[in-house]
1. Counting Lys +1, Arg +1, Asp -1, Glu -1, what net charge surrounds Arg721 among other residues with beta carbon under 10 Å of its beta carbon?
2. Choose one of Gly366, Pro172, Gln438: the residue whose Cα lies farthest towards the positive end of the charge dipole of the chain (beta-carbon charges +1 Lys, Arg; -1 Asp, Glu; about the Cα centre).
3. Of Pro405, Ile680, Thr501, which is farthest on the positive side of the dipole of the chain, counting Cα position, with +1 on Lys and Arg Cβ, -1 on Asp and Glu Cβ, and the Cα centre as origin?
4. Can you pick out the pairs among Lys706/Lys733; Lys263/Lys353; Lys352/Lys378; Lys692/Lys713 whose Cα atoms lie more than 19 Å from each other?
5. Find how many whole Å separate the alpha carbon centroid of segment 587-618 from the alpha carbon centroid of segment 421-488.
6. Output the direction-averaged projected area (hull surface divided by four) of the convex hull of the alpha-carbon atoms of segment 530-640, in nm².
7. Answer with one residue from Tyr719, Leu735, Leu782: the one whose Cα lies farthest towards the positive end of the charge dipole of segment 692-784, charges on Cβ with Lys, Arg +1 and Asp, Glu -1.
8. If you take the Cα atoms of segment 598-685, find Rg, then find the Kirkwood Rh from the mean of 1/r over all pairs, what is Rg/Rh?
Amino acid sequence: MTSRIKTAFAVLPLAVAGLVAIPVISWSETVVVGTTPDPHRHTLASYAVDGAQGPSTEPPVEGALAQDGTPAPDPTREVATAVDTPKLPTDEFRVAGVTWDAGSVEGEVLTYVRTREESGWTDWYRLDDVSDDGPDPGTREAAKARAGTAPLIVGPSDAVQVKVATSDGDAPADVQVDLLDLGSTTTKEAKPLAAAEAATPMPTIRSRATWGADERIRDKSAPDYGKVQGAVVHHTAGSNSYTQAEVPSVIRAIYAYHVKALKWRDIGYNVVVDKWGRAWEGRWGGLTRNVVGAHALNNNTTTFGVSVLGNFESAAASSAVVETVSRVIAWKFSLNHVVPTGTRTFTTNRGKKVVKPKIVGHRDVGQTACPGRNLYAKMGTIRTRVNAVMKNSGLKPTITASAVPTTYTVGGNRTDVAVGVTAAGRVPTGSVQIFDTQRGDVLGETTLDAAGEASIKLPKLMYAGARRLAVLYSGDAAVAWGQSGTFVVSVVRAATTTSATYDKTSVTSGDQVTARVTVNGANVKPRGTVTILSGSTVMGRATVAMSSTGDFSTATVRLRRDLAAGTHRLVARYDGHYAIAPSSATSAATLAVAKGRSALSASYVGVPRWRAQPVLRVRAAANGQHPTGTVVVREGGRVVGQKALSGGYADVRLPANRTKRRTVTVSYGGSANLHAAPTISKAATIHKAKLKVSRKLSAKKVKRGKKVVLRVKATAPGYSRITGRVSVYRGGKVLRSAKMTKKLNNKVTIRIPTSRKGTQKLRVQIDPNGYVLPYRSKTLTLKVR
């Protein structure tokens, strides 16, 4: 497969007052046109094994690698193998993935794939689930999408093997493996992408026509458009061995997998970068517009997705890759007037809100290792480089700020910041933000007026202290983004007063006491929590509810019920807020508490058996609380066990059962809150010991006449040796039997005859000596062929 790209350049100088001349590159090229491959689909329903091996936390494939080449993690919960294919010969392919009907399986789905390359079978790979990327929930695209894995890029392969494990062992509906080759390649002339107006120049980004996108297969409806507020960096994982000539074909294969296998409307990424630092247009709809991709679940509408072809868990990220990724993001941010510094709130694929820098790796918002540790290690460099490119592109702005008043008491007259932005030869346009440099918070934002000026009123609620603030300017088509020098506004917290009333003054420990707390604020509604204290002990806490009629808030606090007997001096305290001062009630209330009653109950955990050490579960109960302290168990007046209560319970292990009936007494001496409980007695009949047996055939499938043995091991709590007779039954009749003696160390080996072909259903029966229950096993299956 070969392709040749020819490029012609014409360089025209562009001069703007105050700017170094920036060359505008006009270029045309012979672009690659190729066939977009159809997936070779192999339906896997006929290879379903329905969890026959049973659930386990052990991985279905030992030694498998993650898609990025690191050791695959073990399952987070029990799974059972649902699909297990043999080695399937195929036509040659370079991309593999597994898909199934969305919503057809609950819980964890683990997918493992290996392929046969020229040098032999690859390692097993556990493929990433596309639940970490893909269309955002609730969109038209998500409604049509299939569930599945990310595509695995491999060397030329002609066979595949697949294992799928699920939480319940059931195979997902319509599960299939999708295999794609790289298609064929021709060339034709095409126009370059037009640059959009932005202070940061657009880097060279090869058009969709350049990589041979078949526009017939994508969704023909108008794309969804969002608002770019951040960027997410990815890698595609898989093979790093592709050549420069193969790049268009690899992108087409990913495009085909996203569209034809996963049923997305288009390729998921906005821009793709190869390992030589060449950028390629991704999703259709216009790079200068904010096309919503399918690359970071729950963040597609507000982010721009750039993916680098290759596996950067194992390969280093070159300076060319870092530079191109940085310049693409800088241009996109400049186009959308995004200030590159600071943070924003992202939503992870699990729905959790996280505050991160505006440029993140995929792993920051999803359960994935993407974009690989080596590229992720460059994220700080990428952020710094984006900042530098944007600052050094376009006219340099001069930003001024003036705050009045410079000391602000929360609830008083709010501070206004007058902002002005100037640049040589023009009046800047765009937006400005007030930025708290100590916390990274944006305190206000507005658009510059026709004179390049703006006024921003700071929020009513601000963090107290000397706040060091700055103005961030977004930049426009000719003026670079910029940041002013810092200025200080001193913030004083609003004052409050607190009062409380109580519904009781005298109680028994366990009774409920309720406090009604009111917090008044100075021109603010207090928010946060109130606490009731007895000395330094927290008696109760609640969140206040702001009043709709005045500058006060109230809370109903239910005090803890496990109160120690005695007299308590209760003080209500408002805990304060970053903008509102705390306060305590000026007077305390007195609460008298008497000891409460307690009671005991007890039961054995499981069946108490001969010679085993039984566990007696003791429960201590009291009104409104879990008793604390120690319970004591006696037998014949002698202490045989004791343990501290936890959550009102204590599991007390007793000496081994040596009589066929035993009676114990249980006592509880009380605590600072509770009186001692009446002593109770617990009688139990001791049952025969129960055998724990393992039995294993040396083989489950053998040829006729081959030797097969059954190994049996039996133990019982309290017995160092088990003796008796072990019998193997077939069809209700004894097939073989043997004595288990002390010398055999609880083990016996029985040879199973294999002279007849067919399936043998075998059972093991043990008739032990002593006060021990007989044992009869479930069926063991032996196939003789």
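Bear in mind these aren't lab numbers, they're just calculated from the coordinates by the rules spelled out. Please read these numbers as outputs of a predicted model, since none were measured by experiment. Heads up, the Cβs are rebuilt from the backbone with ideal geometry, glycines too, and the neighbour counts pull from every protein chain shown.
1. On the way: positive: Lys742, Lys743; negative: none.
Residues close to Arg721 contribute a combined charge of +2.
2. Going by the Cα projections, it comes out as Pro172.
3. Comparing the listed Cα positions along the dipole, Ile680 ranks first.
4. On the way: Lys706/Lys733 22 Å; Lys263/Lys353 28 Å; Lys352/Lys378 25 Å; Lys692/Lys713 8 Å.
The pairs that break the limit, which is 19 Å between Cα atoms, are Lys706/Lys733; Lys263/Lys353; Lys352/Lys378.
5. Cα centroid to Cα centroid, the span is 64 Å.
6. Numbers: hull surface 50.0 nm².
Result: a mean projected hull area of 12.5 nm².
7. Farthest along the dipole direction, towards plus: Leu782.
8. 0.98
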